[in-house]
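Here is the structure we will look at.
The values are calculated or read from the model by the stated rules, or taken from the named source; none is laboratory data. Predicted, not measured: the structure shown is a model, and the values here were computed from it. As a convention, Cβ positions derive from the backbone with ideal geometry for all residues, glycine included, and neighbour counts pool all protein chains shown. Surface areas here come from the heavy atoms of the whole protein model, side chains and all, with no ligands, DNA or RNA. Shrake-Rupley method; radii C 1.70, N 1.55, O 1.52, S 1.80 Å.
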Amino acid sequence: MSKYITLGSIFAGTAVILGAFGAHALKEKLSIQQLQVFETGVKYQFYHAFAILILGLLSERFHVPALNYSFWFFTAGILLFSGSLYLLSTIDINGLSGIKSILGPITPLGGLCFSLGWISLIIAVKGK
């Protein structure tokens, strides 16, 4: 339970920081479209941070490996999906334009991880 609550809280806290950073520091530096992409990363990070926190609560009741898979899929999804959106949306100001072709395919892999996390959660609670 501890790892779920700890990492979920870290992800939620960094989502708050990144959301504020995007709304204030990046507002003048990004186009509206880039800012929307950045905000999408923040939203999905929040959603899945809360999901990880819920996993912490569920782990007290359900002692099944599928919960742990869900945790790792949600974690990978945040890093791949949200992380790639943060980098893609700020590519004009972060000096990483050379990796744009690599980042594009990473985003859907993060989305796949999110989906697999939810499927794992369904399996975890259906099995009990």
Original post:
Counting just the residues of segment 27-58 that are more than 14 Å from Ile10 (Cα to Cα) and of a type in the set (S, T, N, Q), which one comes out surrounded by the most Cβ atoms within 10 Å (Cβ to Cβ)?
Top reply: Gln34
Subject >> segment 1-26 residues that are open to solvent by 50 Å² or more (accessible area, probe 1.4 Å), paired with ones that are part of a helix (DSSP H, G or I) (beta carbon under 6 Å, 6 or more apart) >> reply: Met1/Gly56; Ile5/Gly56
Subject >> Hits in segment 73-100 - residues which are more than 23 Å from Leu26 (Cα to Cα) and among the small types (Gly, Ala, Ser) >> reply: Ala76, Gly77
Subject >> Qualifying helices (runs of 4 or more DSSP H) (wholly inside segment 59-128; at least 2 residues being open to solvent by less than 20 Å² (accessible area, probe 1.4 Å)) >> reply: 65-77, 83-89, 100-126
